[in-house]
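Q: Okay, handing you the structure first.
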Amino acid sequence: MAIRVHHLQISRSTRIIWLMEELGLPYDLVQHTRGTDFRSPPSLYDVHPLGKAPAVEVDGRTMVESSAIIEYIVDRHGGGKLLPAADARAEYLEWLHFAEGTLGMPMLMRLLGPRLGLPDAALGFMDAELKKQLDWIEAQLEGRSFLCGETFTGADINLEYLLEHAESLDLLIARPNLSRYLAALKARPAYLKAIALGGPITMPRG
C-alpha cells in the first residue's frame, strides 16, 4: 500500500509532500479544505482524533508529528537518501527536532499573537527568542550549504517551513546566510513540485 499523505493548505503538511517528492516515493495525496474559521475540517478528524496536518498513513499506522514522520520515512523508506554522513547523525537529529521543539513555538506565537491579542510583553518575549534563535542559525550556516554541511537532509525540509514564515515577517533581511539558504531550498525542483501540488506555505502578504 502506498503511503497516504493528508494535506491541508498553508500548513506543515507541505513538508511531507516535499519529502515524498525528494525521495521519489509513490504516495497518495489527499487534500483537505479549511473551514471558514481557518481551522481543520471534520475530514481530518476522521483521519486522526487530533485533526492535524500532516497526517500520514504509513505501515499500518497514522502519524501526525512532522519531525517524527520525516525521521521515520527517511529511515524506513528513504533508501539512504536525505541522511547525513554517519559522523553527523547526532547533529542531524538535533536540527531535525530543533524546528518544532525550539523554533516552532515562538514563531507560531509571533504569527498569531497580534490576532489573539497577546500583550506587548508577550510579543516582546517572542521577538527576543526569535532573534536569539535566528542569529544562532545564521552563525551555524556560515560556510555551509545546508544544516549538516554540504548534504541536504530531512532536517532542511523540516526547518524551511518556519524560515518561510520568518521571511514573511521580514526577519531574514539582515541575515544573509539564512536568506541564501532559504532561496536555495525554495529553488529545489521537489519543493517547487510540492508547492504546485499543495499550494503556498504562507498566507499572501496584505
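The values are calculated or read from the model by the stated rules, or taken from the named source; none is laboratory data. A quick note: this is a predicted structure, and the numbers were derived from the prediction, not measured. Neighbour counts run over all protein chains shown; Cβ positions are idealised from the backbone, glycine included.
Q: Spot the failing condition for Ser67; the list is (1) in the same structural domain as Tyr161 (by TED's automatic domain parsing); (2) surrounded by 14 or more Cβ atoms within 10 Å (Cβ to Cβ), and only one is missed.
A: (1)
Q: Further question: Considering each residue of the range 44-61, count those that are outside any strand (DSSP E or B) and either among the polar types (S, T, N, Q) or at negative phi (or both), and give that number. Break it down into steps so the answer makes sense when it comes.
A: Taking the range 44-61 first, the residues outside any strand (DSSP E or B) are 44-54, 59-60.
Filter once more, keeping what is either among the polar types (S, T, N, Q) or at negative phi (or both): 44-50, 52-54.
Summing the residues that are outside any strand (DSSP E or B) and either among the polar types (S, T, N, Q) or at negative phi (or both) in the range 44-61 gives 10.
Q: Here's a follow-up. What's the total number of residues in the range 114-151 that are under 20 Å from the mean Cα position of the chain (by Cα) and either small (Gly, Ala, Ser) or part of a strand (DSSP E or B) (or both)?
A: 5
Here is a yes/no grid of residues against (1) more than 19 Å from Leu169 (Cβ to Cβ); (2) of a type in the set (Lys, Arg); (3) at pLDDT below 95:
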| position | (1), (2), (3) |
| --- | --- |
| Glu91 | yes, no, no |
| Leu96 | yes, no, no |
| Pro114 | no, no, yes |
| Gly124 | no, no, yes |
| Ala128 | no, no, no |
| Leu134 | no, no, no |
| Glu142 | yes, no, no |
| Cys148 | yes, no, no |
| Phe152 | yes, no, no |
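Q: Let me ask something additional. Check the range 188-197 and report whether any residue there is more than 23 Å from Pro106 (Cβ to Cβ) and touching a His at 6+ places or on another chain (Cβ under 9 Å). Give the derivation first.
A: As a first pass, look at the range 188-197 and keep what is more than 23 Å from Pro106 (Cβ to Cβ): 188-197.
Next, from what is left, pick out any that are touching a His at 6+ places or on another chain (Cβ under 9 Å): 197.
Yes, there is a match, as at least one residue in the range 188-197 is more than 23 Å from Pro106 (Cβ to Cβ) and touching a His at 6+ places or on another chain (Cβ under 9 Å).
Q: OK, next. Quick one: Ser43 ticks every box in (1) small (Gly, Ala, Ser); (2) surrounded by fewer than 17 Cβ atoms within 10 Å (Cβ to Cβ); (3) within 18 Å of Tyr161 (Cβ to Cβ) bar one, so which box is it?
A: Single failed check for Ser43: (3).
Q: Counting only residues that are in a loop (DSSP other than H, G, I, E, B) and surrounded by 16 or more Cβ atoms within 10 Å (Cβ to Cβ), how many does the range 168-185 have?
A: Filtering the range 168-185 down to residues in a loop (DSSP other than H, G, I, E, B) leaves 169-175.
Of the ones still in play, those that are also surrounded by 16 or more Cβ atoms within 10 Å (Cβ to Cβ) are 171-172, 175.
Counting residues in the range 168-185 that are in a loop (DSSP other than H, G, I, E, B) and surrounded by 16 or more Cβ atoms within 10 Å (Cβ to Cβ) gives 3.
Q: How many residues, within the range 145-167, are free of Cβ contacts under 8 Å to residues at least 40 places away in the same chain and over 17 Å from Glu91 (Cα atoms)?
A: 3
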